[in-house]
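Below: the structure, in structure tokens.
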Ligand code: TYD
């Protein structure tokens, strides 16, 4: 795969309801207003064919025999395949024009969500997931929105969306702890954990602060 030196690839991460979708849009809007010629918001699961299939799994429209969700290994492979497609079809073309891509989730989501749903020791699962993603382009910056599971649950409830796979409270508490510790799990990446609680504007200001620290 081509490694693109030009452009900036930034990722926002957090538990469900942490605000990654809103903050991704706001960061991209801000960069455009600042005069960045090409700034694009993308997301995972992506809007490509594999990402669309994954969304059907997450909403329970695709189930494994017995009516269960597919195993964590199957999910990790699907997310990794979607990621390669996302990089090739959406991220690389923007970076090669010298643009900025801000992705709502990337492989930190796989490390977090698939490891907590695995039936293996955490380190074994993490190694397995890292292997699957070892060819994925590295972000220049990952910003984690750190939000307590209860706050995120209240936000999801206020949005009134039907619950998806992984949204049960115990899982969200484990995910919040994992994300807080993400720099230890991805030691060679540039990761900033910021407080994701408070108003949308407050969090946006913190996201910009993290972005400016990395790209002065
Ligand atoms: P989410 O980002 O909340 O999208 P939407 O707002 O459209 O529902 O949902 C994606 C879900 O997929 C979320 O629960 C995290 C999960 N996920 C993984 O388990 N592994 C991954 O690698 C990725 C990218 C997402």
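Table for the structure above
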item: In region 124-135, residue farthest from the ligand (Cβ to nearest atom) [restricted to those that are surrounded by 17 or more Cβ atoms within 10 Å (Cβ to Cβ) and under 29 Å from residue 23 (Cα atoms)]; result: 126
item: Within region 71-123, tally of residues that are within 9 Å of the ligand (Cβ to nearest atom), without any contact (Cβ under 8 Å) to a residue 40 or more places away in the chain and over 17 Å from residue 181 (Cα atoms); result: 3
item: Those helices (runs of 4 or more DSSP H) lying entirely in region 128-216 with at least 1 residues under 18 Å from residue 116 (Cα atoms); result: 149-159, 169-180, 182-185
item: Lone qualifier among 58, 78, 12, 95 - being in contact with a strand residue (DSSP E or B) (Cβ under 8 Å, 6 or more places away or on another chain) and under 30 Å from residue 171 (Cα atoms); result: 12
item: Odd one out for residue 21 among (1) surrounded by fewer than 18 Cβ atoms within 10 Å (Cβ to Cβ); (2) assigned to a helix (DSSP H, G or I); (3) touching a helix residue (DSSP H, G or I) at 6+ places or on another chain (Cβ under 9 Å); result: (3)
item: Residue ID - modelled with the highest pLDDT, chosen from residues in region 53-66 that are surrounded by fewer than 12 Cβ atoms within 10 Å (Cβ to Cβ) and over 17 Å from residue 117 (Cα atoms); result: 61
item: Within region 5-23, tally of residues that are away from the ligand (no atom under 16 Å from the Cβ) and at pLDDT 95 or above; result: 2
item: Residues satisfying the stated conditions in region 24-54, i.e. more than 16 Å from the ligand (Cβ to nearest atom), touching a strand residue (DSSP E or B) at 6+ places or on another chain (Cβ under 9 Å) and without any contact (Cβ under 8 Å) to a residue 60 or more places away in the chain; result: 29, 32
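Let's see how each residue does on (1) over 24 Å from residue 40 (Cα atoms); (2) at pLDDT 95 or above:
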site	(1), (2)
110	no, yes
126	yes, yes
142	no, yes
145	no, yes
166	yes, no
171	yes, yes
184	yes, yes
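The values are calculated or read from the model by the stated rules, or taken from the named source; none is laboratory data. Everything numeric here is computed off the predicted structure, so don't read it as measured data. Note: ideal-geometry Cβ built from the backbone for every residue, glycine included; neighbour counts use all protein chains shown.
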